[in-house]
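Everything on this sheet refers to the single structure shown next.
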Amino acid sequence: MNATPNPPALKFLVIRRDNIGDLVCTTPVFRALREHYPDACICALVNSYTSSALENNPDINEVFVYTKAKHRPSGKTIPGVYWDRLRLLLQLRRQRFDYVILAGPAFQERMLWFTRMLKPKHIVGFIQEGKRGIRHIDIGMPYHPVPKPIHEVEDTFRLLAAIGIESPPPSLQIVANPAKISTVQQLIDQQQWPPDAFRLGIHISARKPSQRWPTSHFVALIRKLHQTHNAAFILFWSPGAETNPMHPGDDAKAKEIIDALPDIPVLAYPTHELGQLIAGLSLTQVVVCSDGGAMHLAAGLGKPILCFFGKSESMRWHPWKVPYVLLQPQSLDAKDISVEETCNGVEKLLS
């Protein structure tokens, strides 16, 4: 008697086209899919700017990457970008996905046309009355405001209830590249810090002006924590000039901090790409940063975090499922957070 063949494994594609923090806050979706469908082929479609956040993720079989026109490399034309996207569409269409999940809160109209071209068996997404195209989402979850603010993780994760997954969302998950960790470790070894030195990550860059902490405050904080804990520091920042309209950087701010601390063990570590930042953060013990992508990456690495919030929704964007201290002044401007408050917050994390 012939044995009954095993049914083919389900194939999922999760699409998240947004920024670093948004993608990191979607990693619980991959974890939950893997737990409920351990034999499934689970893939992701993300943009080139954020794709390193999913590198080595054990819950994902394959990451497909497209390039946004504004992120295209030097020498790449806009028609070239869209030609590559067409080829990717055809590649994905050949995968014959069972489920394409439009991850992200609210109705994801901009990705729905692309998803329809893939011809999956099912499209899973939020639906909102009055939105064009919702009829093409055959497994829809009505998107309604909730009585109280909820986290981005929770808001996105509740979409999975449409396919029967109603467990609480797990923690974020980021995995650093071993080769890049080794590179950072070599830089640390060259500093000849004591083997038991407490390593504190300081990330000084923030996209929103209201999230930026003053240079003088960083100098005072680093000096104080070195005095009280004999700490050593990895200083992270986005490289480049502050005047760059496309990618403003903090080279000048970092130089000012480093020049003011010649007697303090500080490793200058500008991060030219996302994998470098992830590797560097993985070798810290506590991270001080503003609300943003670096904060969510640190949470995905399981780091305790002290974070500065300006004009940002703290209930929606606070670090997810790690110890944290969140400082947000009434003025909603991070420059009004004192060095003393910050030191006390770090002490609270250490205790």
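Add +1 for every Lys or Arg and -1 for every Asp or Glu among the other residues with Cβ under 9 Å from the Cβ of residue 96, and state the total. Numbers along the way, then the final one.
Numbers: positive: 11, 93, 94, 119, 121; negative: 98.
Spelling it out: positives minus negatives among the neighbours equals +4.
Which pairs break 26 Å Cα to Cα here: 131/208; 68/253; 180/224; 68/208?
Numbers: 131/208 30 Å; 68/253 29 Å; 180/224 30 Å; 68/208 21 Å.
The pairs that break the limit, which is 26 Å between Cα atoms, are 131/208; 68/253; 180/224.
What are the semi-axes of the equivalent ellipsoid of segment 254-351, taken as the square roots of 5 times the eigenvalues of the Cα gyration tensor, listed largest first and rounded to whole Å?
Working: eigenvalues 88, 65, 39 Å².
Working from the Cα gyration tensor, I get semi-axes of 21, 18, 14 Å.
Please compute the modelled spin-label separation between residue 285 and residue 251, points set 7 Å along Cα→Cβ, answer in nm with one decimal.
3.4
To the nearest 0.05, how large is the calculated FRET efficiency for residue 96 and residue 36 if R₀ is 25 Å and r is the Cβ-Cβ distance? Display every interim value, and only then the final one.
Values: r = 21 Å, r/R0 = 0.83.
Working from the Cβ atoms, E equals 0.75.
Expressed in nm to one decimal, what extension gain is obtained for the pair residue 268 and residue 183 from 0.36 nm per residue of sequence separation less their Cα-Cα distance? Let's see the in-between values first.
On the way: separation 85, 0.36 × 85 = 30.60 nm, distance 1.37 nm.
Gain on extension, residue 268 to residue 183, equals 29.2 nm.
Could you quote the convex hull projected area for segment 11-163, Cα atoms only and averaged over all directions, in nm²?
On the way: hull surface 37.9 nm².
Mean projected area for segment 11-163: 9.5 nm², to one decimal.
For residue 243 and residue 122, compute 0.36 nm times the residue count separating them, minus their Cα-Cα distance, and round to one decimal in nm.
Numbers: separation 121, 0.36 × 121 = 43.56 nm, distance 4.60 nm.
Gain in length upon complete extension: 39.0 nm.
With the alpha-carbon atoms as the only input, what is the per residue convex hull volume for segment 173-308 in Å³?
Values: hull volume 14.3 nm³, N = 136.
Once divided by residue count, the hull of segment 173-308 is 105 Å³.
Taking amide H positions as placed in the peptide plane 1.01 Å from N, state which residues far from residue 285 in sequence (5 or more) or on other chains have amide H under 5 Å from it.
Counting only residues 5 or more places away or on other chains, the set is 199, 200, 201.
Using every pair of alpha-carbon atoms in the chain, split the distances into 20 Å bins beginning at 0 and state the percent of pairs per bin, rounded to integers.
With a bin width of 20 Å, the distribution comes to 28, 54, 18, 1, 0.
Along the Cα→Cβ direction, 7 angstrom out, place labels at residue 351 and residue 333. What is the inter-label distance in nm?
Those two pseudo-labels are separated by 3.1 nm.
Per-residue HN-Hα couplings for segment 307-314, Karplus 6.51 cos²θ - 1.76 cosθ + 1.60 at θ = phi - 60°, whole Hz, x for Gly and Pro?
10, 9, 10, x, 7, 8, 7, 5
Any idea how far apart residue 259 and residue 109 come out in nm if each label point goes 7 Å out from Cα toward Cβ?
5.0
Within the chain, what's the longest stretch lacking GluC sites (Glu not before Pro) that sit in DSSP loops with no more than 16 other Cβ atoms inside 10 Å?
Values: sites that count: 55, 129, 166, 242, 273, 313.
For GluC sites (Glu not before Pro) (loop position, at most 16 other Cβ atoms within 10 Å), the longest site-free span of the chain is 167-241.
Using 0.36 nm times the number of residues separating residue 144 and residue 207, minus their current alpha carbon distance, what extension gain do you get?
On the way: separation 63, 0.36 × 63 = 22.68 nm, distance 2.94 nm.
In short, 19.7 nm is gained.
The numbers here are math on the coordinates, done by the rules we state, and not lab data. These numbers were taken from a predicted model, which means no experiment stands behind them. Neighbour counts run over all protein chains shown; Cβ positions are idealised from the backbone, glycine included.
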